[in-house]
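Before any comments, here is the structure.
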Amino acid sequence: MSATVPADQLPLQRLYHWARTAPDRIAFTQPLGGGPVADYKWADVLDQASRMAAHLLAQGIGPGDRVALISKNTAHWMMSDFAIWMAGAVSVPLYPTLAPGTIRQILEHSGSKLLFVGKLDGWEHMKPGVPDGLPCISHPLSPDDAKKSYPGWDALIGGVKPLGELPTRPAEDLSTIMYTSGTTGMPKGVMHTFGNLMAAVEQGLKRIPLTHESRMLSYLPLSHVVERALVEHGQLATGMRVYFAESLDTFTADLQRARPTVFFSVPRLWVKFQQGINHKMPQKKLDLLLKIPILSGIVKKKLLDALGLDQCQFAAAGAAPTPVELLQWYARIGLRIAEGYGMTENLGATHIATGDPADFGTVGRPYDRVQCRIAPDSGEIQVKAPWNMLGYYKQPELSKEVLPDDGWLKTGDKGSTDSQGRLKITGRVKDLFKTSKGKYVAPAPIEDKLVMHVAVEACCVTGANLGQPLALLMLNEEARKQVDAGGKAELEASLAEHLQHVNATLDPHEQLDCLVITAEAWTVDNDLITPTFKVKRNKIEDMFAANYGRWVGQRKPVVWNA
């Protein structure tokens, strides 16, 4: 059952509202590559979306048909989504980093009748995943090969008139099927209605200060639930301006162009920002400067200016646990980060903290209209929200298992609540493993500590049936360069010291025997991580478990799996 919202607050009606009341206000700022940008006003957005909707209808796309979209974040991603809705169809967004086999799985499982191909890296590798005969449309920023192979957006909308009558979609209509990133197997298609999306955003705006004057930088995949809800539907609700990022190489310039008032990121990027600052200003020097009253304020301002976050009124983190140490570090330089919590199945909108240091280590209290409980037998977090998913597409049995008739969504996460009603995430129910000593280990809190080392890109704590757990590490690019340049011994000593520091904070049965540096990068293509950079533990186990005994037997704090 769809969440109830007033008709004028539904997504298409909001699009029409802004095009009517603020036609000349800039909605999107899109980098075109190499410096130039294009601004799209609300009137432009509606005109292009309406023309594309007319084209889709002329191609036989009709009510309930699925239309897929694979692209990095761009203005045309958004306009494609609007066009799909205006044609009466259901949008199926794909992550822009998927392996070809997963692309094919999703397109075939969803029964998509058409695919928009937008801005992508590595399209040549992905293209074999598109089923033969599936009609495709290329965006203006799509790879050259896509532009040559498929009809182009600009040419298509230039050949049709906009829709004569602007269609609306009721709250209970299926809006989108969002495929989860699949840490445990085949991605599942999460179904959400228009009413769900705007009801979740309505409650989110009570905690997150978005208005028509706000600015956000869109760079996390719009196929991810948080970016979709916060950026796309947050913009439709408020009329704010959305800037798009061009690339990783230009990210700092993109941030400084946007000067976002609200900024959301995953912990991994917050760590990279911190590491970038420490690379230019060692922590000891920063600590000293922050203790000097006159200099402290100047230093904080310069750091936030350099990040492009000097005008940020609300900073948030989510999608993975954020180490408390990292939150404290940012608070010291004048930026308080609020952790949020949710799933694709409930639009990422169940909890968010305030950014107050008292909330650090928790994801705060539930949103209004959200109930949260901890299952007494398993410690699982279960939530009830009006915007819980309809279910998984074509998987009724699994839908019932995760979302029973009582309406309590089983998150699969473990957690606890404190006396203030704040929720603390302690790991995944199925991630717990038992050592040979009969003790259970929750890997996530230990991983949060390990990734604070400047060289660590990703890690996985494992070791079922071993005497003590161990951790597998993937080094980041800078650390790999250090090793190649002859700095292996120095890095090894630093990691050994880090292991000693982490172990000192753990219970005896949790302490790690060793850190194992893996030679092979963990990528989407080799199926060791998801498109959202979550580690696939079962795949890690399959690839490396046979070596655990040998590694532990070396009796070294740091082992190189060369």
SER142 accessible area, assembled protein chains, probe 1.4 Å, Å²
10
So in region 275-382, what percent of DSSP beta bridges are antiparallel if you round to the nearest 5?
65
Suppose we keep just the DSSP beta bridges with both residues in the chain; what percent of those would be antiparallel, to 5?
50
Using the Karplus curve 6.51 cos²θ - 1.76 cosθ + 1.60 with θ = phi - 60°, work out ³J(HN,Hα) for each residue of region 517-523 in order, rounded to whole Hz, and write x for Gly and Pro.
8, 8, 6, 7, 5, 8, 10
Quick one: Karplus J couplings for region 421-434, per residue in order, coefficients 6.51, -1.76, 1.60, θ = phi - 60°, nearest Hz, x for Gly and Pro?
x, 7, 9, 10, 8, 10, x, 9, 4, 7, 7, 4, 9, 10
Can you give me the accessible area per residue for the chain, using a 1.4 Å probe, in Å²?
42
In region 315-373 the accessible area split gives carbon plus sulfur, as whole percent at 1.4 Å, a share of 47
What are the radius of gyration and Dmax of region 339-402, computed over its Cα atoms and given in Å?
13.5, 44
Using only DSSP helix segments of four residues or longer, with each worth -39500 (n - 2.57), what per-residue ellipticity at 222 nm results for the chain after dividing by its residue count and rounding to 500?
-9500 deg cm²/dmol
Let me check something: with ligands and nucleic acids excluded, how do THR238, THR417 order by accessible area (1.4 Å probe), largest to smallest?
THR417, THR238
Carbon + sulfur, % of accessible area of region 470-515 - ligands and nucleic acids excluded, 1.4 Å
45
Any residue on another chain or 5+ positions along whose placed amide H is under 5 Å from the amide H of TRP560 is listed here as ILE517
Taking only the Cα atoms of region 435-494, how large is their convex hull per residue, in Å³?
82
Would you kindly find the accessible area of HIS212, with a 1.4 Å probe and non-protein molecules such as ligands, DNA and RNA excluded, rounding to the nearest 10 Å²?
100
Simple Cβ-charge dipole of the chain, Lys/Arg +1 and Asp/Glu -1, about Cα centre, in debye nearest 20:
780
Assuming R0 = 30 Å, what is the FRET efficiency of THR426 and GLU172, from their Cβ-Cβ distance, to the nearest 0.05?
0.25
Past 20 Å, Cα to Cα: identify those pairs from LYS424/LYS539; LYS430/LYS536; LYS430/LYS534; LYS127/LYS536; LYS113/LYS536, in the order given.
LYS424/LYS539; LYS127/LYS536; LYS113/LYS536
So the angle from the long Cα axis of helix 75-86 to the longest Cα principal axis of the chain, reported in degrees to the nearest 10, equals 50
The chain: C-alpha pair distances exceeding 46 Å, %
13
In what sequence, largest accessible area first, do LYS302, LYS534 appear using a 1.4 Å probe?
LYS302, LYS534
Ratio of Rg to Rh over region 19-77 (Cα coordinates, Kirkwood Rh, two decimals)
1.05
Could you rank ARG228, ARG332 by how accessible they are, 1.4 Å probe, largest area first?
ARG332, ARG228
Straight-line reach from LYS302: which lysines fall under 26 Å, measuring Cα to Cα and dropping same-chain residues less than 8 apart?
LYS272, LYS280, LYS284, LYS285, LYS291
Give the carbon-plus-sulfur fraction of the accessible surface of region 144-207 in %, rounded to a whole number; probe 1.4 Å, heavy atoms of protein chains only.
51
Where a Cα-Cα gap under 24 Å defines reach, which lysines qualify for LYS556, not counting those fewer than 8 residues away within the same chain?
LYS434, LYS437, LYS439, LYS449, LYS481, LYS488
Amide hydrogen neighbours beyond the local backbone of ASP173, cut-off 5 Å, H modeled:
PHE194, GLY195
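Share of antiparallel DSSP beta bridges in region 140-275, in percent to the nearest 5? Please report the intermediate quantities before stating the final value.
On the way: 5 of 9 bridges.
Antiparallel: roughly 55 percent of the beta bridges in region 140-275.
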Whole-Hz Karplus ³J(HN,Hα) for region 541-549, in order, using 6.51 cos²θ - 1.76 cosθ + 1.60 and θ = phi - 60°, x for Gly and Pro?
4, 4, 7, 10, 4, 5, 9, 4, x
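The values are calculated or read from the model by the stated rules, or taken from the named source; none is laboratory data. Just so it is clear, the structure is predicted and the values come from calculations on it, not from any experiment. Using ideal geometry, Cβ is built from the backbone for each residue, glycine included, and neighbour counts are taken over all protein chains shown. These area figures cover heavy atoms from the full protein model, side chains too; ligands, DNA and RNA do not enter into them. Shrake-Rupley method; radii C 1.70, N 1.55, O 1.52, S 1.80 Å.
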